[in-house]
1. Per the 1.4 Å probe, what fraction of the accessible area of the chain, in percent, lies on carbon and sulfur atoms?
2. Distances over 24 Å make up what percent of all Cα-Cα pairs in the stretch 1-103?
3. Tell me the net charge near Leu10. Cut-off is 13 Å between Cβ atoms, Leu10 excluded, with +1 for each Lys or Arg and -1 for each Asp or Glu.
4. Where does each of 62-69, 29-36 land if you order them by average Cβ count within 10 Å, highest first?
5. Suppose a student asked you for the relative contact order of the chain, using Cα pairs under 8 Å spaced at least 6 residues apart; what percent would you report?
6. Can you run the Rg to Rh ratio on the stretch 37-81? Use alpha carbon positions and the Kirkwood inverse-distance Rh.
7. Using 0.36 nm per residue of separation minus the Cα-Cα distance, give me the extension gain between Ala63 and Glu18 in nm, one decimal.
8. How much length is gained on full extension from Asp27 to Leu10, taking 0.36 nm per residue of separation minus their Cα-Cα distance?
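The values are calculated or read from the model by the stated rules, or taken from the named source; none is laboratory data. Quick caveat: nothing in here was measured; it's all calculated off a predicted structure. Cβ coordinates were reconstructed from backbone atoms using ideal geometry, including for glycine residues, and neighbour counts include every protein chain displayed. Remember, those area values only see protein heavy atoms, side chains included, never the ligands or the DNA or RNA. Shrake-Rupley method; radii C 1.70, N 1.55, O 1.52, S 1.80 Å.
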Amino acid sequence: MSIASDPACLFCKIVAGELPAEQLYEDGEILAFKDINPQAPFHGLLIPKKHIATLNELEAADADLVGRLFLAAQSLAREHGLPGYRVVVNTNSEGGQVVFHVHMHMLGGRQMKPGLG
Ligand code: 5GP
Ligand code: ZN
């Protein structure tokens, strides 16, 4: 099965193995790897392998994929012994998105303040 990919996209290059990343999780449709500039002792990025630029490009047919991104986060939390963690999906530049391949940040390993500040 071929996966929709954008050759100019950083995270597609990671999926293709053209750029290195410290892998945390992989299945047929999802890849998770460590953020290169961690904001917490545990900072993972969970992505669909297929290229989807932002949360706004998700379609109803992707609902299962999105659900499995959350389940992958849950499984990583168990594996890494994280009692609590935060997931964030920055959307578009106004939302702080820099890499336009949809990704879920997963932050843990330190005490998070309530709310987002
Ligand atoms: P955004 O601001 O788009 O939500 O987050 C993009 C994230 O990707 C940032 O936290 C940044 O540190 C991370 N990042 C950018 N380039 C690379 C890279 O080449 N490798 C990895 N592992 N993370 C990256
Ligand atoms: Zn991509």
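1. Values: 3900 of 7040 Å².
Carbon and sulfur together cover 55 percent of it.
2. Numbers: 951 of 5253 pairs.
When all Cα pairs of the stretch 1-103 are counted, 18 percent exceed 24 Å.
3. Numbers: positive: Lys13; negative: Asp6, Glu18, Asp35.
That works out to -2.
4. On the way: 62-69: 14.5, 29-36: 17.5.
Ranked by mean Cβ neighbours within 10 Å, highest first: 29-36, 62-69.
5. Numbers: 171 pairs, mean separation 33.1, N = 117.
For the chain, the relative contact order is 28 percent.
6. Working: Rg = 12.4 Å, Rh = 12.0 Å.
My calculation of the ratio gives 1.03.
7. Working: separation 45, 0.36 × 45 = 16.20 nm, distance 2.81 nm.
Length gained between Ala63 and Glu18: 13.4 nm.
8. Values: separation 17, 0.36 × 17 = 6.12 nm, distance 1.93 nm.
Net length gain for the segment: 4.2 nm.
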